[in-house]
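Novice: If you scroll down you'll find the structure; I have some questions about it.
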Amino acid sequence: MNQASEIKGQEVKQQSLALRIPAMVLSYVFHPVFMPLMMTYVLYMLVPAQFAGILQAKMGLLYIQVALHSAFFPLLTVLLLKGLGLIESIHMHNPKDRIIPLMASMIFYFWGYWVFKNNNEPEVIRVLFLGGFWGVIAVFMISIFFKISMHTASAGSIVGLIVVVMLISPVNMVLPLFIALLVAGVIGTARLILSAHTSSEIWLGYFVGFLVQIAAYWYLS
């Protein structure tokens, strides 16, 4: 009996590991700091008319600017805070560890939005960064009272941006919307498998991410 229980326990552990490893990989690949850069490329592919006035060489510069504001500076801030001992972990499992990085991210996203606005960059990029700025504020405020999934907030933003594209483009976006919903679902499932969040924290993230992008579009329109 004990041997059978031990074998069963090992099988369960192996099955759990088989799920956790892909979930961990997905959590890194679809980390919130990488999503704006990914979405910039996706938007360029979906609505090239929005980028018609941008030369190919300037597109490279746009990607660099997006990466700096949404990934490089936030990651550098987190690493510096960890190095100085001001946060426990770069993974920011403790809600208190999120305070300074989120405040810094507010500055970086607003800075990016302001640069893109003044340079008259494509509307979808301005929506992306204004929505991102509002999203960081919302996550910061909610985190004071409740834990919220930043991964699914980012995933909700993906869906919100595709809906925005549906509103501004005559091209059929049913397939991209379906893919966005699928990706968002995979991200949320990965976070649940890793026990990083409860289902309510996952759904709250989706709602916030979706709402801020739609709100940013209506504001800029």
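The values are calculated or read from the model by the stated rules, or taken from the named source; none is laboratory data. Because the structure is a prediction, the values reported are computed rather than measured. FYI the Cβ positions are ideal-geometry reconstructions off the backbone, even for glycines, and counts take in every protein chain you see.
Novice: Could you tell me which of the residues S70, S89 is of a type in the set (S, T, Y) and without any contact (Cβ under 8 Å) to a residue 24 or more places away in the chain? Show your work before the answer.
Specialist: Details: S70 fails: without any contact (Cβ under 8 Å) to a residue 24 or more places away in the chain.
Unique residue meeting the criteria: S89.
Novice: Now, a different point. In the range 197-207, which residues are in a loop (DSSP other than H, G, I, E, B) and either buried (at least 20 other Cβ atoms within 10 Å of the Cβ) or charged (D, E, K, R) (or both)? Give the derivation first.
Specialist: Kept after step one, since they are in a loop (DSSP other than H, G, I, E, B), are these residues of the range 197-207: 197-198.
Residue satisfying the conditions is H197 alone.
Novice: Restricting the search to the range 104-161, which residues are β-branched (V, I, T) and in contact (Cβ under 8 Å) with a residue 40 or more places away in the chain? If you could, list the steps in order and put the result at the bottom.
Specialist: Restricting attention to the range 104-161, the residues satisfying the condition of being β-branched (V, I, T) are 107, 115, 124-125, 127, 136-137, 139, 142, 144, 148, 152, 158-159.
Scanning the range 104-161 gives V115, V124, I125, V127, V139, I142, I148, T152, I158, V159.
Novice: Quick one: V139 ticks every box in (1) within 17 Å of T40 (Cα to Cα); (2) out of contact with any Pro (no Cβ under 7 Å at 6 or more places or on another chain); (3) of a type in the set (A, V, I, L, M, F, W, C) except a single one, so which number is it?
Specialist: (1)
Novice: Of the numbered conditions (1) at pLDDT 95 or above; (2) over 14 Å from the mean Cα position of the chain (by Cα), G156 fails exactly one; give the number of that condition.
Specialist: Result: G156 fails condition (2) only.
Novice: If we scan the range 125-135, do we find a residue that is of a type in the set (D, E, K, R) and over 19 Å from G188 (Cβ atoms)? First the steps, then the outcome.
Specialist: Step one: filter the range 125-135 for residues of a type in the set (D, E, K, R), giving 126.
Of the ones still in play, those that are also over 19 Å from G188 (Cβ atoms) are 126.
Yes; the residues of the range 125-135 include at least one that is of a type in the set (D, E, K, R) and over 19 Å from G188 (Cβ atoms).
Novice: Of all residues being among the small types (G, A, S), in a helix (DSSP H, G or I) and modelled with pLDDT under 90 in the range 22-79, which is farthest from the chain's Cα centre (by Cα)? Just the residue, please.
Specialist: Here is the first cut: in the range 22-79, the residues among the small types (G, A, S) are 23, 27, 49, 52-53, 57, 60, 67, 70-71.
So of that shortlist, the ones also in a helix (DSSP H, G or I) come out as 23, 27, 49, 57, 60, 67, 70-71.
This time we only want the ones that are modelled with pLDDT under 90, so: 49, 57, 60.
Working: A49: 25, A57: 26, G60: 21 Å.
Filtering first and then ranking leaves A57.
Novice: Being in contact (Cβ under 8 Å) with a residue 12 or more places away in the chain and farther than 21 Å from V25 by Cβ is true for just one of A215, A184. Which residue is that?
Specialist: A215
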